[in-house]
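**Student:** Here's a structure for you.
The values are calculated or read from the model by the stated rules, or taken from the named source; none is laboratory data. All values reported here derive from a predicted model rather than from experimental measurement. Cβ: placed from backbone, ideal geometry, glycine included. Neighbour counts: every protein chain shown. Heavy atoms of the whole protein, side chains included, go into the accessibility calculation; ligands, DNA and RNA do not. Shrake-Rupley method; radii C 1.70, N 1.55, O 1.52, S 1.80 Å.
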Amino acid sequence: FGEGDPQARVMFIGEAPGAQEDRTGRPFVGAAGQLLEKILENAMGLRRDQVYIANINKCRPPDNRPPEADEVAACLPFLRRQVEIVQPAVIVCLGRTAAQNLLGTTASTTALRGKDLTYLDIPVVVTWHPAYLLREPAHKRETWDDIKRVNRLLGRPEVPPPTPPRQAG
Ligand code: URA
């Protein structure tokens, strides 16, 4: 459904749960999730429990296909409410499915990256989905640039200090 800090200043939105996410009930816990955690730590100096992570679709579409319009329509009100409750300062759309469905556009990730976009008056930054980066690592540099923009929008240093250790308890 989603997880993280309910008072997070940044919210990441992916596509839909994959097989591992479906099994565990947690977003981004598979290979793409591991890369997302690395991006958070290295480019933002944050642990995953310091941000909020959600998906456009709350259930895994059959055969891992992208969610269809009626499935998105069924799930979008829940995501909207998540955004209203968390009230992040910045939303990051991971990949085309998140960006197109949140923003109501058919534009490509390439066209949307670097643009000044908003959802419910909250700035939205579009970047590559980590699963895509696993297949096309040459695009990691662009994700680094996108995350620098997120840091700027959050009023944080572009190159963050090291990630604080997880607190005991
Ligand atoms: N990919 C997504 O888009 N979301 C997840 O939760 C896991 C993989």
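**Student:** If you check every pair at least six apart or on different chains, which have Cβ atoms under 7 Å apart with a residue in region 46-65 that is in contact (Cβ under 8 Å) with a residue 60 or more places away in the chain first and a residue that is more than 10 Å from the ligand (Cβ to nearest atom) and part of a loop (DSSP other than H, G, I, E, B) second?
**Tutor:** Leu46/Thr163; Arg47/Thr163; Arg47/Arg166; Asp49/Asp5
**Student:** Only one of Met11, Met44 is open to solvent by less than 10 Å² (accessible area, probe 1.4 Å), within 15 Å of the chain's Cα centre (by Cα) and within 14 Å of the ligand (Cβ to nearest atom). Can you tell me which?
**Tutor:** Residue meeting the stated conditions: Met11.
**Student:** Can you pull out the residues in region 82-105 that are touching a residue at least 40 places away in the same chain (Cβ under 8 Å), more than 12 Å from the ligand (Cβ to nearest atom) and either in a helix (DSSP H, G or I) or of a type in the set (Phe, Trp, Tyr) (or both)?
**Tutor:** Gln82, Val83, Ile85, Val86, Leu102
**Student:** Another question, if that's okay. Need the failing condition index for Ala31 against (1) modelled with pLDDT of 95 or more; (2) within 10 Å of the ligand (Cβ to nearest atom); (3) crowded, with 16+ Cβ neighbours inside 10 Å, just the number.
**Tutor:** That leaves (3) as the condition not met.
**Student:** Can you pull out the residues in region 2-35 that are out of contact with any His (no Cβ under 9 Å at 6 or more places or on another chain) and of a type in the set (A, V, I, L, M, F, W, C)?
**Tutor:** Result: Ala8, Val10, Met11, Phe12, Ile13, Ala16, Ala19, Phe28, Val29, Ala31, Leu35.
**Student:** Then there is this: Restricting attention to region 54-80, which residues are within 27 Å of Pro6 (Cβ to Cβ) and among the polar types (S, T, N, Q)?
**Tutor:** Asn55, Asn57
**Student:** If you check His139 against the conditions, is it in contact with a strand residue (DSSP E or B) (Cβ under 6 Å, 6 or more places away or on another chain) and of a type outside the set (Phe, Trp, Tyr)?
**Tutor:** no
**Student:** For region 71-81, which positions are open to solvent by 10 Å² or more (accessible area, probe 1.4 Å) and touching a residue at least 60 places away in the same chain (Cβ under 8 Å)?
**Tutor:** Once the filter is applied, which keeps residues that are open to solvent by 10 Å² or more (accessible area, probe 1.4 Å) and touching a residue at least 60 places away in the same chain (Cβ under 8 Å), region 71-81 yields only Phe78.
**Student:** Also, quick follow-up: Does Leu102 satisfy the criteria of being open to solvent by less than 60 Å² (accessible area, probe 1.4 Å), out of contact with any strand residue (DSSP E or B) (no Cβ under 9 Å at 6 or more places or on another chain) and closer than 19 Å to Met11 by Cβ? Let's see the steps before the verdict.
**Tutor:** Values: open to solvent by less than 60 Å² (accessible area, probe 1.4 Å): yes; out of contact with any strand residue (DSSP E or B) (no Cβ under 9 Å at 6 or more places or on another chain): no; closer than 19 Å to Met11 by Cβ: yes.
When the stated conditions are applied, Leu102 does not pass them.
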